[in-house]
């Protein structure tokens, strides 16, 4: 039986939704007050925050390097070896089925074909993989597009299922989560009624329409899953590299993608930290059914699905890394400014996940789930969303206040930052942060170079431009959309789901 979702529309939930925005606005007004009323004390606070910020940058760089070594080892390994050996879960990797749900709305046909091509070369794709094309009724001709794709790839997979999600259903928000939930119900019916596949032998993957999965992803997933007695309490996440069109998008967007690649791989490689799933991830289909599929009333479904399983299984859930990168598309547009605007809107949609802090808090209170995992996740979600904006205010404050560190150099901020021996702590701290950032960018350039090489003068000029404009673009592409989302949540203003525009290009980095 599939569990049904219930939602709290009470005033208490509205109040809880306001928490991230309230903290962010408090940080903003505190920064303004600090700059105007007690600048020297505020400088001390901002310097302490910078120490925390730079420490995280250095840790991320170190674990990013470690993660790259893991990726190379995983790519070299034969994940089909021993696939007929029964694992700890009582099944062999060769017996594992994979349902891959690809929700899409107005996606170019070339994008969907590229995604299906990557699935078609997976091990045992024609025997054990079932792509589910989650079409939307709101898109004219969607059903026909799905049918044509199903016919084209019919002999590539065990089955190709096309679902058409109706528009304007009650208690639903248009978007990825409601589409996936509808598709998962139909996939469950196919597995149980037509194919007679044991549901506890099946993984389900939430796959973005532009995700090009590594050729070894599902063979690795099958081996990990079959060898784990706790497989029904696991999420599986590969690092996401938005490299399909990396050198097509505006330079500031590309700059943020580089940093995002490094941070995500570092989080997965860090054994002392367990991140939440993002975008394209896998879990047990049985667990998905028992916990209510995806919530049709949320915009950001990835973290939310993990948090729901955490409560349904009373904390018994864990995310495991699969060090086989999935390549996706960075946000693009027809022009430079449209590309930046589209990226801004995408970040705002991601930042809407701040509502998960209210979701966790509500379930902790109403269900008395005050165990360490729930408390940690509440603090993690709240921290990550508030820091999207508050962190920018704190760092900007530090740079505005640097002349106060030694008044004699008030007219020369560059000298304060770089050469003034009177402020060695800040000087060294900022230098370490700059080195960590520059090293990360160089490593990304080496790993994902442009067609003409990363020493191309145009590339150097773009990097210089991004470096000099880091503060305004960091605000527009990071802090501002997060602040907009959190403010809308504070006042109960709904958000409409917008599909990220894409242009099909050849994948830049081969898996």
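Mind telling me which of the residues 265, 283, 276 ends up being outside any loop (DSSP other than H, G, I, E, B) and touching a helix residue (DSSP H, G or I) at 6+ places or on another chain (Cβ under 7 Å)?
265
Go through region 444-491 and tell me which helices (runs of 4 or more DSSP H), entirely inside it, have 3 or more residues that are over 23 Å from residue 399 (Cβ atoms) and in contact with a helix residue (DSSP H, G or I) (Cβ under 7 Å, 6 or more places away or on another chain).
On the way: elements: 457-468, 470-474, 480-490.
In region 444-491, 480-490 are the helices (runs of 4 or more DSSP H) which contain 3 or more residues that are over 23 Å from residue 399 (Cβ atoms) and in contact with a helix residue (DSSP H, G or I) (Cβ under 7 Å, 6 or more places away or on another chain).
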| query | Do the conditions hold for residue 103, that is, is it buried (at least 21 other Cβ atoms within 10 Å of the Cβ) and assigned by TED's automatic domain parsing to the domain that holds residue 302? | reply | yes
| message | On the basis of being in contact (Cβ under 8 Å) with a residue 24 or more places away in the chain, part of a helix (DSSP H, G or I) and surrounded by 15 or more Cβ atoms within 10 Å (Cβ to Cβ), does residue 150 make the cut? | response | no
| Looking at (1) outside any strand (DSSP E or B); (2) buried (at least 18 other Cβ atoms within 10 Å of the Cβ); (3) in contact with a strand residue (DSSP E or B) (Cβ under 7 Å, 6 or more places away or on another chain), which is the only condition residue 158 fails? | (2)
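Listed here are the residues, each with its yes/no results for (1) closer than 24 Å to residue 210 by Cβ; (2) at pLDDT 90 or above.
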position: 419; (1), (2): no, no
position: 438; (1), (2): no, yes
position: 451; (1), (2): yes, no
position: 456; (1), (2): no, no
position: 470; (1), (2): no, yes
position: 480; (1), (2): no, yes
position: 492; (1), (2): no, no
position: 495; (1), (2): yes, no
position: 511; (1), (2): yes, no
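Please verify whether residue 238 is under 13 Å from the mean Cα position of the chain (by Cα), buried (at least 24 other Cβ atoms within 10 Å of the Cβ) and more than 30 Å from residue 335 (Cα to Cα), treating the condition exactly as stated.
Details: under 13 Å from the mean Cα position of the chain (by Cα): yes; buried (at least 24 other Cβ atoms within 10 Å of the Cβ): yes; more than 30 Å from residue 335 (Cα to Cα): yes.
Here the answer is yes, as residue 238 does meet what is asked.
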| request: List the number of the failed condition for residue 329; all other conditions in (1) in the same structural domain as residue 299 (by TED's automatic domain parsing); (2) farther than 30 Å from residue 74 by Cβ hold. | output: (2)
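The values are calculated or read from the model by the stated rules, or taken from the named source; none is laboratory data. Nothing here was measured: the structure is a model prediction, and the numbers come from that model. Cβ sites come from the backbone with ideal geometry, for glycine too, and all protein chains shown count toward neighbours.
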